[in-house]
Amino acid sequence: MSKIAESELSNQEKIVIQAFINYQFKTLPDKDESTYELIRPYILVCVAKQTNWLVYSKALMFRSRNEMQRHKMMERSMSQLQALIDQFRD
């Protein structure tokens, strides 16, 4: 994980990671803590360095969706989703 985090990924690589995240969201149980822990590192890699606003926005949406299941992070998740909605309206 640290080697991946240290190197900069291309947008295509981030899209492939996001496809994997999407697959995991569709196949794993929604309210399972292990699902959150499995997906979280992949999301953090995609959010680490923003180079393309669409790829970054999708990664933020995945992070918000992933954190929505945790009570401690629900408020941050909702504010991130609201910011994404406002961004698309402008």
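Data for the structure
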read-out: Computed helical MRE - 222 nm, the chain, DSSP H runs ≥ 4 contributing -39500 (n - 2.57), nearest 500; value: -24500 deg cm²/dmol
read-out: Shape of the range 2-89, Cα gyration tensor, a/c cut at 1.5; value: oblate
read-out: Karplus-derived HN-Hα couplings along the range 10-22 (A = 6.51, B = -1.76, C = 1.60, θ = phi - 60°), whole Hz, x at Gly and Pro; value: 6, 4, 5, 5, 5, 5, 5, 4, 5, 5, 5, 4, 4
read-out: Relative contact order, percent, the range 2-89 [alpha-carbon distance under 8 Å, six or more residues apart]; value: 26 percent
read-out: Spin-label model distance (nm) - Gln87 vs Asn22, 7 Å beyond Cα toward Cβ; value: 1.7 nm
read-out: Given charges at beta-carbon only (K, R positive; D, E negative), |dipole| of the chain in Debye; value: 60 debye
read-out: Karplus 3J(HN,Hα) series, Hz, for the range 33-43 with 6.51 cos²θ - 1.76 cosθ + 1.60 (x for Gly, Pro); value: 5, 5, 5, 4, 5, 6, 7, 3, x, 5, 5
read-out: The range 65-82 - phi-based ³J(HN,Hα) in whole Hz, Karplus 6.51/-1.76/1.60, Gly and Pro as x; value: 5, 5, 7, 5, 7, 9, 5, 5, 10, 5, 5, 5, 4, 5, 5, 5, 5, 5
read-out: Positive-end residue, the range 2-89 charge dipole about Cα centroid, Cβ charges, pick of Leu28, Asn11, Met78; value: Met78
read-out: Three-way shape call for the range 44-90 based on the alpha-carbon gyration tensor, with the a/c threshold at 1.5; value: oblate
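Coordinate-derived values only; no laboratory data. Being a predicted model, the structure only gives us computed values, none of them experimental. Heads up, the Cβs are rebuilt from the backbone with ideal geometry, glycines too, and the neighbour counts pull from every protein chain shown.
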